[in-house]
Amino acid sequence: MNGLILFVGALLLLWIGRTILIPFLAAVFFWYLINAIAAYYRKAMPKNPRFPRVWNILSGILAGATLIGVVYLFSTQVRPMFSELMAALPDIQQKLTTFVDFLSVRLGVAADTSMLPNITKIAANLGASAVGMATTVGMVVVYMLFMFVEQSTFHKKLAALFPNRTRAKKMRYILGSIDENMKKYLFMKTLISGATGLMSYFWLTAIGLPFAGVWAFIIFVANYIPTIGSIVACGLPILYALVSTDTWNLPLLVALGLIGLQILFGNIIEPKLTGKTLNLSTLAILINLVFWGGLWGVAGMFFSVPLLVATFIVMAQFDSTRWIAVLLSADGKIPNKSDE
């Protein structure tokens, strides 16, 4: 009974505190991503540099510049396309209605087009949500700045929090495992999502689908969301191609290209690059996705896998919770416990 009360209390706190926790997790995400990119830049730098601290600072600057470059590319190249798409939404709504009427006639099924979702209204609501989210950017930046400033003191604080050497060693092991797995996951996921989005852009541009940059950006972002993200990433441009053309050629080309790229990058290249680092059950990932999506919406879906990775590693380090880690794993193999 006490456990149930604690669980419900934790859910309530997560729900009430989402306005603080989501920006904080976003800051942690970008902090990890910048550190991961910086780590790969350091690998490309000379071994045993004469001034290691200078190289570390330089790699951090290069990583930050890389992220800023991506944001600049979006604001100058993709954002104008979003504006053009918004202006074209009423026409797309009309084409969708015509397409549904065509299908109802061909299939001999009565369809009430008034029941179709209002795309313009949905997009306006999403735009308002995006504006609301933009107000949290300041919080994210502040969190990130403090993380980078205090990054060098984390080990000292850990030692002060756990004066017992055995406990301190265990916590260092847990945090080190989370840090290593998270950096690898975020870097590789970003790399794969970026490559998928870029190749999708080239393909959609080559076959002449309008707003290729918008669809490519949606594919890049949606790929962070397990399973559902890939469906949405492919479904939206395919649906647009269906309602915007009178033939099946363009929709088929869009579907073949995007689904093929998702299979290539998501099912072949990504597993080879990441190996079995995560070793998480697909069922556990889906349940976790639904849980965090129900709790925090799209933001929860976005952070669901990193949160599951951290939970998996922590659960494996204590005898009383190792059974949970076994259930979360893909093959029953879980991380070794640290020496106590």
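The values are calculated or read from the model by the stated rules, or taken from the named source; none is laboratory data. The structure displayed is predicted, hence computed values, not measured ones. Note: ideal-geometry Cβ built from the backbone for every residue, glycine included; neighbour counts use all protein chains shown. Accessible surface areas use protein heavy atoms only, side chains included; no ligands, DNA or RNA. Shrake-Rupley method; radii C 1.70, N 1.55, O 1.52, S 1.80 Å.
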What tally of residues in the stretch 219-240 results from selecting those that are part of a helix (DSSP H, G or I), within 18 Å of L256 (Cα to Cα) and either hydroxyl-bearing (S, T, Y) or open to solvent by less than 40 Å² (accessible area, probe 1.4 Å) (or both)?
-> 9
When restricted to S193, S177, the only residue surrounded by 15 or more Cβ atoms within 10 Å (Cβ to Cβ), in contact (Cβ under 8 Å) with a residue 12 or more places away in the chain and under 12 Å from the mean Cα position of the chain (by Cα) is S193
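Going through the stretch 289-302 one residue at a time, which ones are out of contact with any Lys or Arg (no Cβ under 7 Å at 6 or more places or on another chain) and open to solvent by 20 Å² or more (accessible area, probe 1.4 Å)? Outline the logic, then answer.
Quick first cut of the stretch 289-302, residues out of contact with any Lys or Arg (no Cβ under 7 Å at 6 or more places or on another chain) only: 289-295, 297-302.
Within the stretch 289-302, V290, F291, W292, G294, L295, G297, V298, A299, M301, F302 qualify.
From F29, F74, which residue is open to solvent by less than 80 Å² (accessible area, probe 1.4 Å), at pLDDT 75 or above and under 20 Å from G194 (Cα atoms)? Let's see the steps before the verdict.
Details: F74 fails: at pLDDT 75 or above.
One residue alone meets the criteria, F29.
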Of V141, V100, V137, which residue is touching a helix residue (DSSP H, G or I) at 6+ places or on another chain (Cβ under 9 Å), hydrophobic (A, V, I, L, M, F, W, C), within 26 Å of L242 (Cβ to Cβ) and modelled with pLDDT of 65 or more?
-> V100
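Name the one entry in L250, L308 that is more than 15 Å from the chain's Cα centre (by Cα) and modelled with pLDDT of 80 or more. Explain how you work it out, then say what you get.
Working: L308 fails: more than 15 Å from the chain's Cα centre (by Cα).
Sole residue among the options that is more than 15 Å from the chain's Cα centre (by Cα) and modelled with pLDDT of 80 or more: L250.
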When residues of the stretch 161-174 are filtered for being open to solvent by 80 Å² or more (accessible area, probe 1.4 Å) and in a helix (DSSP H, G or I), how many remain?
-> 6
Evaluate the stretch 247-258: report whether one residue or more is touching a residue at least 24 places away in the same chain (Cβ under 8 Å), within 30 Å of A310 (Cβ to Cβ) and open to solvent by 20 Å² or more (accessible area, probe 1.4 Å).
-> no
So is Y185 within 29 Å of D331 (Cα to Cα), touching a residue at least 12 places away in the same chain (Cβ under 8 Å), among the aromatic types (F, W, Y) and not in a helix (DSSP H, G or I) or not?
-> no
So is F202 touching a residue at least 24 places away in the same chain (Cβ under 8 Å) and either open to solvent by 30 Å² or more (accessible area, probe 1.4 Å) or under 21 Å from A39 (Cβ atoms) (or both) or not?
-> no
